[in-house]
Amino acid sequence: VFDEENARTIMANDAAIIASRQPSEHEEPVLVNGRRIVYHSVKFPYFNEKGEVDGLCGMSTDVTARADAEKAVREAKEAAEAA
């Protein structure tokens, strides 16, 4: 689904969550077919009965429209302040 650079970034984020043994909630911007997409991701390590991390669980939601709208508002505010 993702190109090599985006896949590496996401895998590094996932590895950090596993290493920290803590949940994470963050935005993950990626390029898909040349288009910027922003995902709001909630991820957490999955523990087995021994308390060892067996994997990673999570859910990502496409929030590109919201992120683009927030960016437009920021840019408009900055332009108004500069004028």
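Determine whether GLU52 is over 16 Å from PHE2 (Cα atoms), without any contact (Cβ under 8 Å) to a residue 12 or more places away in the chain, out of contact with any His (no Cβ under 6 Å at 6 or more places or on another chain) and surrounded by fewer than 12 Cβ atoms within 10 Å (Cβ to Cβ).
Taking the combined requirement at face value, the residue satisfies it.
Kindly indicate whether LYS43 is open to solvent by less than 90 Å² (accessible area, probe 1.4 Å) and at pLDDT 95 or above.
Yes: the conditions hold for LYS43.
The values are calculated or read from the model by the stated rules, or taken from the named source; none is laboratory data. What you are looking at is a predicted structure, and each value in this text was computed from that prediction instead of being measured. Every residue, glycine among them, receives a Cβ derived from its backbone with ideal geometry; neighbour counts consider all protein chains shown. For the accessible areas, the whole protein counts, side chains as well, though only heavy atoms, and no ligand, DNA or RNA atoms are used. Shrake-Rupley method; radii C 1.70, N 1.55, O 1.52, S 1.80 Å.
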